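Here's the structure we're looking at; comments come further down.
The values are calculated or read from the model by the stated rules, or taken from the named source; none is laboratory data. Quantities reported herein were computed from a predicted structural model and do not represent experimental measurements. Every residue, glycine as well, gets a Cβ built from its backbone with ideal geometry; the counts of neighbours run over all protein chains shown.
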């Protein structure tokens, strides 16, 4: 008689245990019962598949400026002067004080006047370039220049492709 209190350890090298396991597995009914075994014809599953939408590239349109002149270029120039001249003068005076204090430049000398003028001119020129590139006319100019750049690169690429085809 077999003692059922202690389960028998499975040893795959013991052919008697392997044979017993195979016999038990063959006697077991299958867990899966198909619909055909029960005499039922399954209903087909209907799935609706929608066609994918055509690809569209939603590239932003180039910037277009609409100028509604309620002012004139003279007014813009006056506004630029009101903003930039005090700022440039402050930087010029600050540069002069630094040159006198740190550089030991005499206050009434050509060197001091040169530092004052060059620092004023540098700040004014930077402000002028910034103002002109950010104005409506400057934005239009940048757009045209960058468009020409794009056309130049496109032309180079086309010429390279044409050379490869020859």
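Table for the structure above
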read-out: Single match in 77, 127 (criterion: in contact with a helix residue (DSSP H, G or I) (Cβ under 7 Å, 6 or more places away or on another chain) and surrounded by 10 or more Cβ atoms within 10 Å (Cβ to Cβ)); value: 127
read-out: Any pair with Cβ under 8 angstrom, 6 or more apart, that starts in segment 1-29 at a residue that is modelled with pLDDT of 75 or more and ends at one that is not in a helix (DSSP H, G or I); value: 17/8; 17/10; 17/11; 18/12; 21/10
read-out: Any hit, segment 71-88, residues being under 30 Å from residue 126 (Cα atoms), at pLDDT 75 or above and assigned to a loop (DSSP other than H, G, I, E, B); value: yes
read-out: When residues of segment 103-124 are limited to those that are in contact with a helix residue (DSSP H, G or I) (Cβ under 9 Å, 6 or more places away or on another chain) and part of a loop (DSSP other than H, G, I, E, B), the one nearest to residue 85 (Cα to Cα); value: 107
read-out: Any chance residue 138 is without any contact (Cβ under 8 Å) to a residue 24 or more places away in the chain and within 26 Å of residue 76 (Cβ to Cβ); value: yes
read-out: Count of residues meeting criterion [farther than 29 Å from residue 116 by Cα and free of Cβ contacts under 8 Å to residues at least 40 places away in the same chain] in segment 61-98; value: 9
